[in-house]
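Data first, discussion second: the structure below is written as structure tokens.
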Amino acid sequence: RKKIGIITSGGDAPGMNSAVRAVVRAAIHKGCDAFAIYEGYEGLVQGGHMMKQMKWEDVRGWLSEGGTLIGTARCAAFRERWGRLKAAKNMIVNGIDALIVCGGDGSLTGADLFRAEWPDLLKELVDTNELTPSQIEGYEHLTIVGLVGSIDNDMSSTDATIGAYSSLSRICQSVDFIDATAYSHSRAFVVEVMGRHCGWLALMAGIATGADYVFIPEQPPSATGWGDEICSVVSAHRKKGKRKTVVIVCEGAIDSDLNPISAVDVKDLLVDRLGLDTRITTLGHVQRGGSAVAFDRLISTLQGYEAVEAVLDSTPETPSPMIGIHENKLVRTPLVDAVALTKQVATAIKARDFNRAMSLRDAEFAE
Ligand code: F6P
């Protein structure tokens with residue numbers, strides 16, 4: 001009987017609860033035991049009461065709840081080998097032989113490292129008498145399955161991360177609200193959105209709200225010319241009779257010399273050069289909270305079920321999969337490949353090699 005642990009890790013994302021619900025119920029439906037690991041990897045490191053067997057009714061009503069009800073953390077201990085040793089021991093002591101991790105890029109990288117180190121960790125636990133050889137029997141192979149939960153939509157090998165569309169929807173709703181007050185006063189608003197080094201939320205929100213200008217890290221404007229460019233775009237719009245100006249700035253926006261571009265930089269420019277009455281709105285964690293939109297509920301439920309199937313399909317020979325969605329179909333990609341590709345894309349973007357970043361993105365689902 002498989003004992004499957006489910007963890008939510010990293011920044012919370014709408015849809016994580018529906019993913020946990022789907023995993024718990026699919027596991028029970030398929031004759032396995034499901035364990036919620038509380039507070040992300042911290043729960044694995046601490047063990048004990050942080051690991052709780054879940055019953056069918058424990059996740060009742062979770063489909064529409066925002067955040068993550070089993071908690072999450074950015075766990076420093078799990079980044080250290082001693083933390084992963086404790087985590088491995090706690091899993092074995094509790095009989096947990098498979099882990100489904102719902103988190104972003106960093107959390108899945110951690111999961112991949114844990115999987116790769118697993119045999120070594122077991123050896124060390126036996127060598128240091130933390131566990132006996134008979135205790136580790138049957139645990140030689142750790143099954144890990146990744147679900148991508150993050151508002152940033154910054155993971156390769158999936159078209160959409162769980163939570164990204166809910167966050168996008170909240171950003172659009174907020175910009176619509178801002179539009180009304182901007183129009184009334186004929187003001188400019190600089191809206192800073194999350195996404196870390198990924199401009200997906202900013203770009204999509206810009207398109208969906210008809211923003212005047214968008215700053216994203218993937219397309220840094222000229223360090224010496226961006227001020228002129230945005231001013232000419234905004235004044236052209238104003239000359240056409242537009243009463244409001246909305247500029248969306250991704251929190252990780254940079255210029256071509258890799259200097260950060262902040263909402264304050266943009267505001268100062270609009271005030272000093274164009275004389276616009278300008279305000280800044282930092283949407284902050286509003287864009288991460290609240291209940292998930294239908295799309296996120298749907299993909300997290302389907303992917304949660306798929307993750308349990310992937311656990312049951314797993315053999316020592318098969319690589320740990322990450323469940324994604326591509327062209328509306330569920331896909332399984334080796335977690336190690338998805339993590340590596342995500343890093344390569346990020347490195348190419350950092351080096352401003354956008355052609356390489358694009359070709360890596362294009363190649364990610366190639367046969
Ligand atoms: O990764 C999700 C995210 O919301 C990013 O967009 C943002 O940069 C970061 O997390 C904020 O992290 P925290 O909530 O720990 O401040």
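Scanning region 217-243 for residues that are buried (at least 20 other Cβ atoms within 10 Å of the Cβ) and either assigned to a loop (DSSP other than H, G, I, E, B) or in contact with a Ser or Thr (Cβ under 7 Å, 6 or more places away or on another chain) (or both) returns 217, 218, 220, 234. Against the criterion of being more than 16 Å from the ligand (Cβ to nearest atom), surrounded by fewer than 23 Cβ atoms within 10 Å (Cβ to Cβ), assigned to a helix (DSSP H, G or I) and of a type in the set (Asp, Glu), residue 130 does not qualify. The set of residues in region 154-212 that are part of a loop (DSSP other than H, G, I, E, B), away from the ligand (no atom under 16 Å from the Cβ) and either within 29 Å of residue 327 (Cα to Cα) or touching a residue at least 60 places away in the same chain (Cβ under 8 Å) (or both) comprises 157, 159, 186, 187, 210, 211.
Looking at the structure I just gave you, is residue 55 touching a helix residue (DSSP H, G or I) at 6+ places or on another chain (Cβ under 7 Å), farther than 23 Å from residue 126 by Cα and surrounded by fewer than 19 Cβ atoms within 10 Å (Cβ to Cβ)?
no
Among the criteria (1) more than 30 Å from residue 21 (Cα to Cα); (2) modelled with pLDDT of 95 or more; (3) of a type in the set (A, V, I, L, M); (4) out of contact with any strand residue (DSSP E or B) (no Cβ under 6 Å at 6 or more places or on another chain), the one residue 258 does not fulfil is (2). Determine whether residue 30 is closer than 30 Å to residue 294 by Cα and free of Cβ contacts under 8 Å to residues at least 24 places away in the same chain. For residue 30, the condition - closer than 30 Å to residue 294 by Cα and free of Cβ contacts under 8 Å to residues at least 24 places away in the same chain - is not met. A single member of 115, 84 is within 29 Å of residue 153 (Cβ to Cβ) and in contact with a strand residue (DSSP E or B) (Cβ under 7 Å, 6 or more places away or on another chain), and it is 115.
Could you grab me the full set of residues in region 133-143 that are surrounded by fewer than 23 Cβ atoms within 10 Å (Cβ to Cβ) and either of a type in the set (A, V, I, L, M, F, W, C) or within 13 Å of the ligand (Cβ to nearest atom) (or both)? Passing the criteria: only 136.
The values are calculated or read from the model by the stated rules, or taken from the named source; none is laboratory data. Bear in mind the structure is a predicted one, so any value in this text is a computation, not a measurement. Here the Cβ is made from the backbone with ideal geometry for all residues, glycine too, and neighbour counts use every protein chain on show.
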